[in-house]
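*Asks:* Take this structure, written in structure tokens, and hold onto it; I'll ask about it next.
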Amino acid sequence: MVGRGHRGRPGGGGRVGRGGRPASELPPTDDLTAWLAGRLPDGWFTAAPEVTVDREEILVVGELPAPETPEDADQAARAASAVGRISRFREETREDRMEIARQAEHRYGRKVAWGARIPGQGDDDGVEELFTTLSVPVMTRLRQPERRVLDTLVDAGVARSRSEALAWAVALVGEHTEPWLAELREAMSTVDELRARGPRLDGDDDDAGADGAPTDQA
């Protein structure tokens, strides 16, 4: 199941994706979840991983079985055990993950990042770690009122820099508007589907996809 993010949406027209390529030319990710289900080794995760897609990156986060701990172990001990299990998974699967990421990047035109989580028990939230993920610079122009908001967050110690304050603000907005954002992504996905089913001009390349990009057969 595609989780947070653009839910496999290939991007909107006019925007620029990875490597300077317009987002509308990015390969579609409609079959990404199915491709991963067939490509990931059996036994890596306890269930289908959560997959998040945007214009630059595919993030795959899977759930690992919780390590056995003594019944009287406290929350700190269980968390330390979970961190150790995730670290072992990261080391043992490194080469396989690199190869899967290489294939996925060729097929979908995006970098691949990984993560793992171990669920908690009772009031314990569990442990989740994301491995090397992209940090993409975003160009923006802010007027003084917006800059003052960021500077206030920096001066108050909420963030260490304007860029970190902007990331914090975006995360906060996303947290409090997720239902609306989910509806917006769904609506945009419907527009993409309608555009893909639209009429084609005579002379269109039969080997091209709906957005004019060559269809990937890898």
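*Asks:* Pairs please, first residue from segment 134-162 and of a type in the set (Lys, Arg), second anywhere and open to solvent by less than 90 Å² (accessible area, probe 1.4 Å), Cβ atoms under 8 Å, 6+ apart in sequence or on different chains.
*Replies:* Arg160/Val154; Arg162/Arg147; Arg162/Leu150; Arg162/Asp151; Arg162/Val154
*Asks:* Of all residues in segment 68-107, count the ones that are open to solvent by less than 60 Å² (accessible area, probe 1.4 Å), at pLDDT below 95 and not in a helix (DSSP H, G or I).
*Replies:* Looking only at that region, the number is 2.
*Asks:* Among the residues of segment 147-174, count how many are out of contact with any helix residue (DSSP H, G or I) (no Cβ under 9 Å at 6 or more places or on another chain), part of a helix (DSSP H, G or I) and farther than 22 Å from Val53 by Cα.
*Replies:* Adding up the residues that qualify gives 2.
*Asks:* Then there is this: Mind listing whichever residues of segment 21-57 are touching a residue at least 12 places away in the same chain (Cβ under 8 Å), within 16 Å of Asp96 (Cβ to Cβ) and not aromatic (Phe, Trp, Tyr)?
*Replies:* Of everything in segment 21-57, those that are touching a residue at least 12 places away in the same chain (Cβ under 8 Å), within 16 Å of Asp96 (Cβ to Cβ) and not aromatic (Phe, Trp, Tyr) turn out to be Leu36, Arg39, Leu40, Pro41, Pro49.
*Asks:* Condition (residue is within 18 Å of Thr52 (Cβ to Cβ) and under 20 Å from the mean Cα position of the chain (by Cα)) applied to segment 138-145: is it met by at least one residue? Before the answer, list the steps.
*Replies:* Pass one, segment 138-145, residues within 18 Å of Thr52 (Cβ to Cβ): 138.
Now narrow it down to the ones that are under 20 Å from the mean Cα position of the chain (by Cα): 138.
Looking for residues that are within 18 Å of Thr52 (Cβ to Cβ) and under 20 Å from the mean Cα position of the chain (by Cα), one finds at least one in segment 138-145, hence yes.
*Asks:* Enumerate the pairs (first residue in segment 113-132 and modelled with pLDDT under 90; second residue anywhere and in a strand (DSSP E or B) and open to solvent by 30 Å² or more (accessible area, probe 1.4 Å)) with beta-carbon separation below 7 Å, excluding pairs fewer than 6 apart on the same chain, so at least 6 apart or on different chains.
*Replies:* Pairs found: Gly126/Arg117.
The values are calculated or read from the model by the stated rules, or taken from the named source; none is laboratory data. From a predicted model like this one, the values you see are computed outputs, not experimental measurements. Note that we place each Cβ from the backbone using ideal geometry, even for glycine, and neighbour counts take in every protein chain shown. Accessible surface areas use protein heavy atoms only, side chains included; no ligands, DNA or RNA. Shrake-Rupley method; radii C 1.70, N 1.55, O 1.52, S 1.80 Å.
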